[in-house]
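Scroll down for the structure; my scribbles are underneath it.
Values in this text are rule-based calculations from the coordinates and carry no lab data. The shown structure was predicted, so the numbers you read here are calculated from the model rather than taken from an experiment. Glycine also receives a Cβ, built like all others from the backbone with ideal geometry; neighbour counts cover every protein chain displayed.
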Amino acid sequence: MSQTTAARSNLFAQVLEPANRPNPYPLYAQLRETPVSLQENGIYVVSTYREIVALLHDPRISSDERKRSPSGADVPVYDRGLATPSFINLDPPEHERIRRLVMNQFGPPHVPARVEGLRSRISYIVEELLDACTGQCRMDVVDEFAYPLPVTVICELLGVPFADEPYFHAWSDTLAGTLDLDPATYTPERRQAVVEAGRQMRTYLRQLIALHRAEPGGDLLSGLAIGNDPEGRLDDETLLSVAVLLLIAGHETTVNLITNGVLTLLRHPHVIERLRREPDLIISTVEELLRYEPPVHYRPRTTLTEIDVAGVTIPKGAFVVLALASGNRDPARFQEPDRFDPERSDNAHLGFNGGIHYCFGAPLARLEAQIALAEFVRRLENPRLVVDPPPYRANPALRGPRHLLVDFDRVRA
């Protein structure tokens, strides 16, 4: 193995290192020099836009980690304690069946009013959060703004009592951490913490589902629990796995989207001035944020058969990582990819994944980010970063600041 090849086979491990969390993009640029690279731990990393998109639509690639070869990559496989995996980790036809039943309750295109009907409520929550900062000159964007907004929304949407947030916050953090592919983090203590968090969250949601089934309301969990869909209903274990997914995914990624958005805008103050003059620019600004600083950096896949990608033969049962954030910065697809351009017209980003696993919560996440960021730049006078780069969350897959301190002169009415 040449020195260059050896160095490249360790690049993804460097992406996972906490020291590179503030800026993994130079490492992604090195990865893209070889569209498919075999890493030292047995992972095949796909880093270029064209190849990622092709695999997102390739039926020979599976989202079900149970189909991975036991002799494949040296990466942790966590027992999350679910009898039925989340449908985002299943393949057709079961994936389509469950996703369709959930989407029939969730929103567009089946129930378009569900998400759009939340617009005024989201605006009200955003106003309340910013009003609470009146009289102070510093805020932690994560704890005081980016986190409470999507958590409040997903609680109301699902029918989860917001008072229980301290419980599922801790469970969500632990379970979301299983996306970290660094074997060094797979300790017996962490494995036990994941098992226990999964057990407690399942117990909590099982009891909540029973309450909704006995006394259904207009929330999403009630609709799924009583099974009023003409196409059928979810069995109890599948419903439980869906509830776990919705509660975690319904806020984890949106927190990152909003926080990364604030950080990026504060690094580009001329864009803030433009947004104040041209508020409609927020729509394309959020799309560019999804490309430039996506909330999800990679997704794992497994090959169902031997396939050739960009001249590399990937064996059956191999662990494949689709480096979505790298594809979003691919100069072969995006002009000046490292430049933040809110007016970028050709912006088919990978911020919400793609193919059959395109994020079903995308309409809600977009709406929350558009309203939150528009009001943030409108109401905070002279906002500025206290620390840059800020401290980041440990999770390399769900990449975003753990805290983001911002000073400002005042909160406008």
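Normalised by the number of residues in the chain, the average gap of Cα pairs under 8 Å and 6 or more apart makes the relative contact order 26 percent. For region 101-244, rounded, prolate or oblate, judged on the Cα gyration tensor with a ≥ b ≥ c (square roots of eigenvalues), a/c < 1.5 rounded, else prolate if a/b > b/c? Oblate. Going from the fewest other Cβ atoms within 10 Å to the most, the residues Ser47, Ser63, Ser241 appear in the order Ser63, Ser241, Ser47.
With point charges of +1 on the Cβ of Lys and Arg and -1 on the Cβ of Asp and Glu, referenced to the Cα centre of region 3-411, which listed residue (Tyr49, Pro391, Pro161) lies farthest in the positive direction of the dipole? It is Tyr49. Does region 3-411 classify as rounded, prolate or oblate by the C-alpha gyration tensor (a ≥ b ≥ c root eigenvalues; a/c under 1.5 gives rounded; else a/b over b/c gives prolate, otherwise oblate)? Since a/c reaches 1.5 but b/c is at least a/b, the shape of region 3-411 is classed as oblate.
At R0 = 30 Å, how high is the FRET efficiency between Val195 and Glu128 if r is their beta carbon distance? Nearest 0.05 is fine.
Details: r = 37 Å, r/R0 = 1.24.
After rounding to 0.05, the efficiency reads 0.20.
Relative contact order for region 86-150: what is it in percent, counting Cα pairs under 8 Å that are at least 6 residues apart? Over region 86-150, the number comes to 17 percent. For the chain, a Gaussian network of Cα nodes joined below 10 Å ranks Thr264, Thr253, Thr203 by mean-square fluctuation, and the top entry is Thr203. Shown for the chain are the DSSP H helices of 24 Å or more along their axis, judged by Cα atoms, with a mean Kyte-Doolittle hydropathy of at least 0.5: 236-267.
The fewest-to-most ranking of Glu215, Glu65 by surrounding Cβ atoms within 10 Å reads Glu215, Glu65. In terms of other Cβ atoms within 10 Å, Thr259, Thr187 run from fewest to most in the order Thr187, Thr259.
Computed over the alpha-carbon atoms, region 141-194 gives an Rg to Rh ratio of 1.08, Rh here being the Kirkwood radius from the mean inverse distance. Here the relative contact order of region 138-296, from alpha carbon pairs under 8 Å that lie six or more residues apart, stands at 27 percent. Taking Cβ atoms as reference points and 14 Å as the exclusive limit, the residues near His357 contribute a net charge of -2, counting Lys and Arg as +1 and Asp and Glu as -1. Around Val406, what is the net charge, scoring Lys/Arg as +1 and Asp/Glu as -1 over all other residues with Cβ under 11 Å from its Cβ? With Lys, Arg at +1 and Asp, Glu at -1, the net is -2. Ordering Ser326, Met201, Pro35 by the projection of their Cα atoms onto the charge dipole of the chain, which places +1 on the Cβ of Lys and Arg and -1 on the Cβ of Asp and Glu, puts Pro35 at the extreme positive end.
Here the Gaussian network model covers the chain, with springs between Cα atoms less than 10 Å apart; of Pro390, Pro342, Pro93, Pro93 fluctuates the most. Counting only Cα atoms, the size of region 173-308 along its three principal axes is 52, 43, 36 Å, in decreasing order. Straightening the chain between Ala210 and Thr313 buys 32.2 nm, computed as 0.36 nm per residue apart minus the Cα-Cα spacing. Annotation: extensible slack from Ala184 through Arg384 equals 68.4 nm (criterion: 0.36 nm per residue apart, minus Cα-Cα distance).
Out of Phe340, Leu221, Cys137, whose Cα points farthest toward the positive end of the dipole of the chain (charges: +1 Lys, Arg; -1 Asp, Glu; placed on Cβ)? Ranked along the dipole, the leading option is Phe340.
Mind putting a number on the dipole of region 3-411 about its Cα centre? Charges go on the C-beta only, +1 for Lys and Arg and -1 for Asp and Glu, and I need it in Debye to the nearest 20. Can you show the working numbers first?
Working: 43 positive and 55 negative charges, 95 e Å.
Using Cβ point charges on Lys, Arg, Asp and Glu, region 3-411 gives about 460 debye.
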